[in-house]
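The values are calculated or read from the model by the stated rules, or taken from the named source; none is laboratory data. Keep in mind the model is a prediction, meaning the values are calculated, not measured. Note that each Cβ is placed from the backbone with ideal geometry, even for glycine, and that neighbours are counted across all protein chains shown.
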Amino acid sequence: MTNFIKVCIFSLLTVGAFWGYSSFGIPQIKPAPPPVEAKVDLGSMTMEKFIALGAELFDGKGDCTLCHNEMGRAPMLEKAVADAEKTLKSPAYKGTAKTVEEYLYESSVSPSVYVVPGFGKKGTNDTVSPMPDATGSSVGLTKIELAAVIAYLQDLSGSEVTVQIPTMDASAEGAESAKSKECE
Amino acid sequence: MFMLSAFMPAANASEAAATASTAVPDAAAPATKAIFPPAPKLTEADYPSIKGVNARVVVWLVAQLHLWFGAFVVAVPMFVFIIEAIGMATREQRYDKMAYEFIKVTITAYSLTALLGGLLSFCLILFYPDLFQYLALIFKESMFAYALLFFAESAVLYIYYYGWHWLQGGNKKWVHLTLGLLLNAFGLLLMFLANAWTTFMMSPAALDAAGVFNGDTWAAIHNFLWNPINLHRTVANVAYGGSIVGAYAAFKFLSAKNKEERAHYDWMGYNANFIAIGALLPLPFAGYYLTAEMYAYSQQMGITLMGGVFAWIFIIQAVLIGALFLSANYYLWCGMGRSEGAHRYNHWIKYIAVVLVVSFLVWFTPHTLVLTNSELKDLGGPYHKYLGVLGIMPAKNTAVNFLILFTYLSFMFYRRSNKFVTVSWAKVGNAAQVALFVAGSINITILGVYHGYFTNTVIKIAASIPQVLTTLVIIIVSVIIDALMYKGAKDVAPLRWGRMPPRSQYALFLLAVSFTWLMGLMGYVRSGIRQHWHVYNMFRDGSPDAFTPGLDYVANIVSIGTIIFMAMVIFVFWLSTVSGKHVVSKGYWKEQQA
């Protein structure tokens, strides 16, 4: 019986040690909550607010900073506009974008059209981008939200923001079609 | 304009209609073909709740308990089969007895596995009906097959166990061994099927953009992460099963009444530990393979796995695995006390201990964490201020290789401790062994240092493969040299089984508890990388519990689960002791008239 109790105590202490280490021995990070569908109020939207929305999405729902950070997994986007101008002039670029805005849009929804050298999926010789489609199901930005992110990127690069704030009817239609999708 | 814009919320009603019709491509197909629904979009109201019950915690605990027991009962028949075969080959009955005792412990655990599996299904139907229905439609064939296979598995298990003493000798023994093989085949098949359901949720296959399934059963089963998980789980199960029966033997050892019993359970514990560690050694490689496949499947998933909250999990994992290695080594060193010849090796132990502890420390030095920017700000940078240099991946890989290498060395000393070499070239052989280890260690170190500090790759893991190869080469060559050198070697004296200090047995308990906790933790990661998705990127979790819990919360749940599991396991062990007891109660039964 004493052995039985000793073994139980020993096991509990072991569990306790692991529990303690995990609870107090390492920094506790609170994981981000799941992204929520925020209603974008376009009525009172100013460019300043629109850019701020983009910044928030870039860090939050868009999940862009998961890869676009100092760790070197993806190119930094602080000079996205200058980089895009270079890319558009480069003979290696085969996409359809003519302007920086179009390029940023294209890079976000079909990243494999042009892959920044060295950042392609392993073994694909930079023909396939590991980046998900920003409007695809995994990230799920809406057209309006993506426009905000691109406005933010332009602003971040210190260049003129060419993105237009979408009009009211566009957003109303968007909301309606989202509803009809749910009924499918 | 852009190909993929069809997946975006449509800008007008006609486009919405177009999306709707493309979402169900099979609509026009012959009626014989099943039409699968798109992934439902759920809200909190779609999840039934019971007052005072947290659905996720219940499902989490039940699933984890089912998995712990399942892993145990799938694994034990594997080594029981091998031990039985060894017994048949060597004609030493102690092997047969040990195999029988292992399977005896499994029998009760088997019913508990089934009960927990049933409970899990109930919980899923109750709390996650839409998800269950969605998956059940896609997996209807394999779920049905699974249920039937369970009957086959039970039948074989019962014949295998209850027929053990009946099917002895000559051809009958072969029949019995064949049953063992069948048992393993069924067990593994069952696990592989269940794995498919799990991995489908992580790496769904044959779904269109709306989550409509358009493949066949095989496509669903054979999804991207299925085989990596199959491999990883099979190897891990063996290690886990070994550790649990090790705890059983340790418990019996401590409560043994006489010398013979102590000797028997000491021997059993030794074998169990050997199995656990043998399967633990290749496990990191299976883990690397699984992780690499996750990256290949989705970079986003891979980075989620190695970044943010989950990154710290791997630090905890390193600590736990370090504990496993240290306790296994400690057990081996204690075990050298069984031999009269161990004094020749004892003085080396302290050096091995130093290498192991240093490797262990390097291993759990916080490493370069992949974090989101806000998390980076919280922590003040990805590198630890002083320990950053040790925290990078190549330093860790180097440490792991040393851990494995020196654990092997402990084992080699253990094996040698009771032998006298008789071959004439023993000196040369020993010199070759030393040269092999020294050269190998230098090679591992140089590879680690070079790749870690003098190259500029994005992910500095280039060194890991040559390092692992070096370790494998050392071990394989060394095993060969040792086998030749000690061929026909004389025993110093018969091994004194049972001559073990009681504290050595606690190493076996540490092994079992650490394994259990570790599995629980990694279960959380495997499930957690789906984040707020039921089926990754396809079927969103709309329940109030869709959030990813923090580590302190996880530590609570895993600890509670481990304690429940250990309590149930103790119950199982106790039952197997009770079943062997016969109490004669004089005067209770009527005297039978002759």
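Spot the failing condition for A:GLU85; the list is (1) more than 22 Å from A:ALA147 (Cα to Cα); (2) more than 20 Å from the chain's Cα centre (by Cα), and only one is missed. Among (1) more than 22 Å from A:ALA147 (Cα to Cα); (2) more than 20 Å from the chain's Cα centre (by Cα), the lone unmet condition for A:GLU85 is (1). You will find that of B:GLY498, B:GLY520, B:GLY542, the residue that is part of a loop (DSSP other than H, G, I, E, B), within 10 Å of another protein chain (Cβ to nearest Cβ) and in contact with a helix residue (DSSP H, G or I) (Cβ under 9 Å, 6 or more places away or on another chain) is B:GLY542 and no other. In the set A:LEU141, A:LEU66, A:LEU88, only one residue is free of Cβ contacts under 8 Å to residues at least 40 places away in the same chain and within 23 Å of B:VAL535 (Cα to Cα); that residue is A:LEU66.
A:ILE5 fulfils the conditions (1) crowded, with 18+ Cβ neighbours inside 10 Å; (2) under 30 Å from B:LYS257 (Cα atoms) except for a single criterion, (1).
Within the range B:523-539, work out how many residues are hydroxyl-bearing (Ser, Thr, Tyr) and facing another protein chain (nearest Cβ under 10 Å). Even if it seems obvious, please write down each step before you answer.
Going residue by residue through the range B:523-539, those that are hydroxyl-bearing (Ser, Thr, Tyr) are B:524, B:527, B:536.
Add one more test, that the residue is facing another protein chain (nearest Cβ under 10 Å), and what stays is B:536.
Looking only at that region, the number is 1.
Mind listing just one residue for me: the one in the range A:109-133 that is facing chain B (nearest Cβ under 10 Å) and of a type in the set (Gly, Ala, Ser) and, of those, farthest from A:LYS86 (Cα to Cα)? The extreme case among them is A:GLY123.
Scanning the range B:546-558 for residues that are surrounded by fewer than 21 Cβ atoms within 10 Å (Cβ to Cβ) and assigned to a helix (DSSP H, G or I) yields B:ASP552, B:TYR553, B:ASN556, B:ILE557.
Screening the range A:41-59 for residues that are touching a Ser or Thr at 6+ places or on another chain (Cβ under 9 Å) and within 29 Å of B:GLY550 (Cβ to Cβ) and picking the one that is nearest to the other protein chains (Cβ to nearest Cβ) gives A:ASP59. Taking the numbered list (1) buried (at least 16 other Cβ atoms within 10 Å of the Cβ); (2) closer than 30 Å to B:PRO40 by Cβ in turn, B:TYR506 passes all entries but (2). Residues of the range A:22-40 include at least one that is modelled with pLDDT under 90, over 17 Å from the mean Cα position of the chain (by Cα) and more than 9 Å from chain B (Cβ to nearest Cβ).
Going through (1) under 26 Å from A:LYS122 (Cα atoms); (2) free of Cβ contacts under 8 Å to residues at least 12 places away in the same chain one by one, A:PRO75 falls short only on (2).
All of (1) touching a residue at least 60 places away in the same chain (Cβ under 8 Å); (2) buried (at least 17 other Cβ atoms within 10 Å of the Cβ) hold for B:PRO129 with one exception: (2).
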